[in-house]
Amino acid sequence: MKQQVLNIGSDDATVTVAVAMLSLLCTCGAITLTPTANGNTNLHPLILIPGAGGNQLEAKLTQDYKPSSFVCNSWYPLFKKKNGWFRLWFDSSVLLSPFTKCFADRMMLHYNQDRDDYFNTPGVLTRVPHFGSTSSLLYLNPRLKYVTEYMASLVNSLEKLGYIEGETLFGAPYDFRYGLAGEGHPCEVGSKFLEDLKKLIEEASASNGGKEVILVSHSLGGLFALELLNRNDPSWSRKFIKHLVALSAPWGGAMDEMLTFASGNTLGVPLVDPLIVRPQQRSSESNLWLLPNPKVYGHHQKLLITQNRSYSAHDMPDFLRDIGFLEGVYPYKTRILPLIENLKAPEQVPITCVIGSGVSTPEILFYRNGDFDEGPEILYGDGDGTVNMVSLLAVQSLVGEDNKNQSIKVIKIDGVSHVSILKDEVALEQIIAEISRINSHHSHTAFGNIFVGR
């Protein structure tokens, strides 16, 4: 396996030097990127794949919907389109206590053991707006751009590079509540997204003269991208995929998910009671997928400790049972474990991981009185504030002996968090410089084994 690791401080002169070197190479002709009136003709098409919560969702209620309260029936949502659809994520009314429960009920998923799959709450229809476009990735709520910006800064930087929406730049939003399952298990929503993503890749390539596509994922989007590559023949990847640039990818899950399942997680949204949204968060298929992977975290690392026992990544069924989420045990054991145990790097697809480091990240949770309704004491370690470093770097250890030519590059950026990587100036400079470098190579190029310290 060929690896390259760059360690970059957020105030490091390395960033300025790297960008200056890129500009010099372009000036001297070592890299030829020729802009035209319509953008840059030498750019490979690029598709953005967001993370969990990283795109808008819309919902519509049918006569089968049973509201949990008078408020949910009469007053929520406050704004609807003429055809009955309304913004489900992100809707600012979730901040108001009476509406938080309405929101959680409508976002809830339900596992049907007879059908072995997940489904919406009865009477709640959902859809993902603007598939193929970046428009639903820019802001989670266009009315609240300042506080709900997601990929707007990244898209703006890509457009400055010469990318054009709908021509060389595309988005692949999805219903992030749903995930995937191990082989042999139905997964209607997640599998449909992979089919749509594959079709989008092929169409983007065809409309750009057969050029391979660059995939740029954030967080959970990296796991979907990885599954897409591993579920298709390597010959398909060689034909259609130029490179995977994974931002903040939780290859091995995250300790933060155990906190979410145990006590609920407001995700930084003020005024929200975590216990009100906890049932919905537990119901999310993708959240089960993001629990710490035993293959990555191992047997011996204790992740959660109570007065009666401790839990490692291998104890997830017991953990789910002990927090009172019995309905999650069976799908975790039958659907999720086979999926994450088969985690592996794709064959012959170059990968660049851009990650934050040096941000305090939950590493061990202490529930001394065993009450999961109360917030735990937390021991912090290295990571990006959400994903632990062992998970951010896990893809390096997933390369098999028969795939030694797999190229993996890791760019560490000090002090950049899981989400701020999408708008931090230093991070954006690195991401754009890496995409420029990828565009400058006419074939899949292995990286040297180069380590650059701070």
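Quick look at the values:
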read-out	value
Taking the C-alpha atoms of the stretch 171-232, convex hull volume expressed per residue in Å³	85
Estimated vicinal HN-Hα couplings, Hz - the stretch 127-144 in sequence order (Karplus 6.51, -1.76, 1.60; Gly, Pro = x)	8, 9, x, 6, 5, x, 10, 8, 4, 8, 9, 5, 9, 6, 9, x, 6, 10
Extent along principal axes [Cα atoms of the stretch 119-226; Å; largest to smallest]	43, 38, 22
Spatially proximal aspartates and glutamates relative to K239 (Cα-Cα < 12 Å; intrachain offsets below 8 disregarded)	E202, E212
Relative intensity, log₁₀ I(q)/I(0), of the stretch 252-400 from a Debye sum that treats every alpha carbon as a point, q = 0.10, 0.15 Å⁻¹	-0.34, -0.78
Whichever aspartates and glutamates have a C-alpha closer than 17 Å to that of K412, once near sequence neighbours (fewer than 8 apart) are set aside	D11, D12, D382, D384, D424, E425, E429, E434
Order of exposure, largest accessible area first, which applies to T266, T361 with probe 1.4 Å	T266, T361
Whole-Hz couplings from phi, Karplus 6.51/-1.76/1.60, listed for the stretch 54-70; x for Gly and Pro	x, 8, 6, 10, 10, 9, 9, 9, 10, 5, 7, 6, 10, x, 7, 7, 4
Entries of K145/K423; K66/K101; K302/K409 with Cα pairs more than 18 Å apart	K302/K409
Trypsin sites (Lys or Arg not before Pro) restricted to the stretch 104-140 and DSSP loop, no more than 11 other C-beta within 10 Å	R115
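The values are calculated or read from the model by the stated rules, or taken from the named source; none is laboratory data. For clarity, every value in this text was computed on a predicted model and none was experimentally measured. No Cβ is skipped: glycine too gets one built from the backbone with ideal geometry, and neighbour counts run over all protein chains shown. Ligands, DNA and RNA are excluded from the accessible area calculation, which covers all protein heavy atoms including side chains. Shrake-Rupley method; radii C 1.70, N 1.55, O 1.52, S 1.80 Å.
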